[in-house]
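Here is the structure we will look at, set down as structure tokens.
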Amino acid sequence: MFYRETGVFKTTYATDMELFPLPLDKIGFAVCILFAFLIVPFFASHYLLVSIFIPFLVFSLAALGLNILTGYAGQLSLGHAGFMAVGAYATVVMYNRYDVPLPLALLGAGAITAVVGSTFGLPSLRIKGFYLAVSTLAAQLIIEWVITHVKWISGGVYSTVDIRALEFMGWKIDTAPEKYYVALVIVVVMALFAKNLMRSRIGRAWMSIRDMDVASEIIGISQFKYKVLAFAVSSFYAGVAGGLVVAVYYGSANIEEFHLMLSFEILGMVIIGGMGSILGSFLGAAFMTLLPIFIDLSISSISHNIVDLSKVFTPDLMANAKNMIFGALIIFFLAVEPLGLARLWNTIKDYLRLWPFPY
Amino acid sequence: MWDTAFFALELTISGLLVGLMYSLVALGFVLIYKASGVFNFAQGDMTFLAALGLAALSVKLPLWVGVIIIIGVMVALAMAIERIVLKPLVARPPLVLFMATIGIAFFLQGLAQGVWGTQPRGLNLGVADETYEIAGIFVSSLDILGAIVAGVLVVVLVWFFQKTKTGRALRAVSDDHEAALSVGIPLRKAWGITWAIAGIVAIVAGALWGTRVGVQASLALLALKALPVLILGGIDSIPGAIIGGLIIGATENLAEGLLGPMVGGGIKNFFPYLLALIVLGVRPYGLFGREIIERV
């Protein structure tokens with residue numbers, strides 16, 4: 001009843017191939033965009049913007065990148081945090097040292113990361129599965145070493161570089177809402193691009209490789225071209241996400257932020273959100289951003305209100321509880337809901353399609 | 001010139017001994033892969049759990065009681081993993097099972113530190129850490145013990161997989177889950193047995209490593225050292241794990257000792273991966289791995 005698919009009469013191929021063929025989806029998308037652009041920055045507090053909305057956007061972009069590679073092209077990568085680090089340091093070096101305008105610095109960071117990423121994607125032509133997963137781990141470790149040891153990039157042992165004051169054509173980006181807008185515009189544009197890419201020849205080729213690479217090669221899809229392209233596009237997204245981490249989230253590039261654990265967390269976002277779904281990348285990122293906050297709040301409210309558990313729930317245990325819940329959730333989603341939170345959204349749609357009638 | 005050569009020899013020998021310890025961890029991976037086709041990313045965390053448990057128990061109890069309790073814990077853990085994680089994932093793509101073991105890894109690390117605390121602990125096996133000098137080269141007694149244990153373990157495991165009925169059943173399961181089921185091999189029981197064996201290998205590796213470097217969270221990162229060993233040797237080959245471990249141990253030590261000073265050190269972390277990548281370029285299934293032929 002609420003989710004109506006009837007009454008949409010398509011008379012041309014163009015309308016049939018639209019990004020959002022249903023008017024309801026179009027309205028829904030427009031409402032989300034308006035909400036994100038007009039409501040959030042004016043009504044959200046500084047805390048909400050800085051510690052929830054901005055990280056959510058940044059990690060959505062990173063998850064989107066990995067989802068393109070894993071969910072659509074079927075190539076597992078455990079080095080995504082390393083690719084983000086490349087983007088982060090590329091942004092800082094270009095912006096701080098060579099006065100490249102901010103949008104160009106972010107784009108350039110994406111491009112550099114794409115080159116690095118496709119280099120590490122080259123083995124995917126000969127090896128696959130676990131062997132490939134391990135070889136992408138190599139990317140993570142080699143990138144970490146290069147960044148900490150090459151002084152030209154990171155400036156020495158501690159390898160933390162602050163970015164200078166953000167500015168674009170005389171406009172100073174220093175308040176939280178302004179930074180939020182920068183991230184939002186980039187994320188919306190890149191998400192729409194990804195959504196479109198998946199409907200194109202390239203997206204279909206990736207999905208055929210994911211479903212069965214030998215068969216897709218037989219029908220004439222170049223494995224070399226599309227596998228390397230998948231690594232390039234995916235690392236482009238990771239690079240821009242890394243650039244955003246520096247530009248609008250932390251304000252500095254620090255190698256500690258891009259360790260192996262982040263790679264796993266991004267993979268977790270993709271699994272929990274839904275592999276092979278653009279929406280899923282956002283849901284997964286939202287979930288992972290909110291999870292630690294939710295765990296903190298619930299444990300501290302239990303220990304304040306019901307019983308004094310501060311002796312039981314030491315900070316050590318809280319940090320470990322987060323790991324345990326994260327691990328359990330990955331297993332839960334793989335076993336029970338392999339399509340992730342995105343599938344939940346489809347279930348809701350199915351329900352609303354018929355409501356209030358049972359069938 | 002002679003100095004450098006001697007130094008290189010020394011590096012090689014200490015590297016080979018460390019490499020055997022890597023092999024022990026890699027062995028856990030190979031066992032589970034051989035017997036169930038699952039690439040178990042949690043092996044490092046199982047090693048950590050076993051070592052931390054052993055260290056915590058050995059404070060109050062005699063060592064052998066601790067060992068028995070930990071064996072019980074690892075077997076129970078294997079059964080729980082089989083029931084909770086693997087059962088719902090039967091006949092799903094191998095990569096899904098792999099990602100599930102990443103989940104297990106996170107869970108076990110949280111569990112181990114939640115139960116036994118996060119502070120580093122020492123572990124004493126009752127073996128004195130003495131250094132012997134053999135023809136001018138220093139070798140620690142712990143290293144020799146590790147080498148002997150690794151050797152015995154490998155002989156026993158190879159015998160088990162090649163000669164016993166259970167071992168053959170486990171290899172059949174690894175070949176094809178559904179085909180093994182159809183000839184009457186109890187798949188879930190086979191999985192339980194394998195994970196229990198891998199758990200016991202984790203205890204051995206954890207005990208030896210824990211004595212060497214102390215028991216702390218970084219022990220779980222040992223898995224990161226075992227991974228290049230695996231892909232170098234081939235993930236389904238027990239001799240591959242041993243020889244891969246020896247090669248990785250020796251070459252990383254040589255690289256760190258000879259090349260390290262030139263580029264600023266720390267290349268030990270990624271050198272094994274670089275080596276493994278180069279080998280994969282030539283032999284995509286590792287040195288001893290079985291080549292998989294795909295058909296449409």
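Throughout, read-outs are computed from the coordinates displayed, never taken from laboratory work. On a predicted model such as this, the values are computed, not experimentally measured, just so you know. When we count neighbours, we look across all protein chains shown, and the Cβ atoms used for this are built from the backbone with ideal geometry, even at glycine.
Counting other C-beta atoms within 10 Å, which of A:Phe2, B:Phe106, B:Phe270 has the fewest, and how do the rest follow?
Neighbour counts put them in this order, fewest first: A:Phe2, B:Phe270, B:Phe106.
Could you sort the peptides B:148-155, A:42-49 by per-residue average Cβ neighbour count (10 Å cutoff), highest mean leading?
B:148-155, A:42-49
Return the loop-located GluC sites (Glu not before Pro) in segment B:196-296 (DSSP other than H, G, I, E, B) with at most 12 other Cβ atoms within 10 Å of their own Cβ; answer none if there are none.
Sites meeting the loop and neighbour criteria: B:Glu291, B:Glu294.
Taking beta carbons within 10 Å but only from partner chains, what does the mean come to for residues B:268-277?
Per residue, the average neighbour count from other chains is 5.
Between A:Ile348 and B:Val115, what FRET efficiency comes out of the Förster formula 1/(1 + (r/R0)^6) with R0 = 41 Å and r the beta carbon distance, rounded to 0.05?
Step by step, r from the Cβ atoms, then E = 0.60.
Provide the FRET efficiency to the nearest 0.05 for the A:Asp211-A:Val40 pair, computing r from the beta carbons and using R0 = 60 Å.
E between A:Asp211 and A:Val40, to the nearest 0.05, is 0.95.
Tell me, A:Phe236, B:Phe288 in order of fewest to most beta-carbon neighbours within 10 Å?
If I rank by nearby Cβ atoms, fewest first, I get B:Phe288, A:Phe236.
What is the extension gain from B:Phe7 to B:Ile144, computed as 0.36 nm multiplied by their sequence separation minus the C-alpha to C-alpha distance, in nm to one decimal?
47.3 nm is the gain from fully extending B:Phe7 to B:Ile144.
Expressed in nm to one decimal, what extension gain is obtained for the pair A:Thr119 and A:Ile52 from 0.36 nm per residue of sequence separation less their Cα-Cα distance?
This chain segment gains 20.8 nm when fully extended.
Given H placed 1.01 Å from N in the peptide plane, which residues other than close sequence neighbours of A:Glu167 have an amide H under 5 Å from its amide H?
Here A:Ile173 satisfy the definition.
Which of the lysines could be linked to A:Lys151 by a straight reach, that is with a Cα gap under 30 Å, when you skip same-chain ones fewer than 8 residues away?
Answer for A:Lys151, where 30 Å is the Cα cut-off: A:Lys172, A:Lys179, B:Lys225, B:Lys268, listed by chain and number.
Could you tell me which of A:Ala30, A:Tyr72, A:Val40 has its Cα farthest along the dipole of chain A towards the positive end, charges placed at Cβ (Lys, Arg +1; Asp, Glu -1), taken about the Cα centre?
The Cα lying farthest towards the positive end belongs to A:Tyr72.
According to a simple spin-label model (label point 7 Å from Cα along Cα-to-Cβ), what is the distance in nm between B:Leu259 and A:Thr160?
For the pair A:Thr160/B:Leu259, the computed spacing is 3.1 nm.
Describe numerically, in nm with one decimal, the distance between label points set 7 Å from Cα along Cα→Cβ at A:Ser300 and at B:Thr164.
Roughly 5.3 nm, to one decimal.
Sorted from fewest to most neighbouring beta carbons within 10 Å, what does the list B:Ile104, A:Ile142 look like?
A:Ile142, B:Ile104
What does the charge count near A:Gln75 come to, summing +1 for each Lys or Arg and -1 for each Asp or Glu among other residues with Cβ under 15 Å from its Cβ?
Combined, the nearby Lys, Arg, Asp and Glu give +2.
Hey, what number do you get for the protein assembly as shown at 222 nm if only DSSP H runs of n ≥ 4 count, each worth -39500 (n - 2.57), divided across all residues, to the nearest 500?
The helix-only estimate for the protein assembly as shown comes to -22000 deg cm²/dmol at 222 nm.
Work through the residues other than B:Ile292 whose Cβ is under 14 Å from its Cβ and net out their charges, Lys, Arg +1 and Asp, Glu -1.
0
Can you give the average number of partner chain beta-carbon atoms within 10 Å of each beta-carbon in peptide A:321-327, as a whole number?
6
Using the Karplus equation 6.51 cos²θ - 1.76 cosθ + 1.60 (θ = phi - 60°), what ³J(HN,Hα) coupling, rounded to whole Hz, does each residue of segment A:327-336 give in order, writing x for Gly and Pro?
Once θ is set to phi - 60°, the couplings for segment A:327-336 become x, 4, 5, 4, 5, 4, 5, 4, 7, 9 Hz.
Which parts of segment A:122-155 would a label at B:Val282 reach, counting a residue when its backbone N lies under 15 Å from a point 7 Å out along Cα-to-Cβ?
Taking a point 7 Å out along Cα→Cβ of B:Val282, no residue of segment A:122-155 has its backbone N under 15 Å.
For A:Val336 and A:Leu22, compute 0.36 nm times the residue count separating them, minus their Cα-Cα distance, and round to one decimal in nm.
110.1 nm
Check the straight Cα-Cα distances from A:Lys26 and name the aspartates and glutamates below 19 Å, setting aside those fewer than 8 residues away within the same chain.
Straight-distance partners of A:Lys26: A:Glu5, A:Asp16, A:Glu18, A:Asp350.
Mind checking B:92-101 for the average number of partner chain beta-carbons within 10 Å of each residue's beta-carbon?
The shielding value for this peptide is 5.
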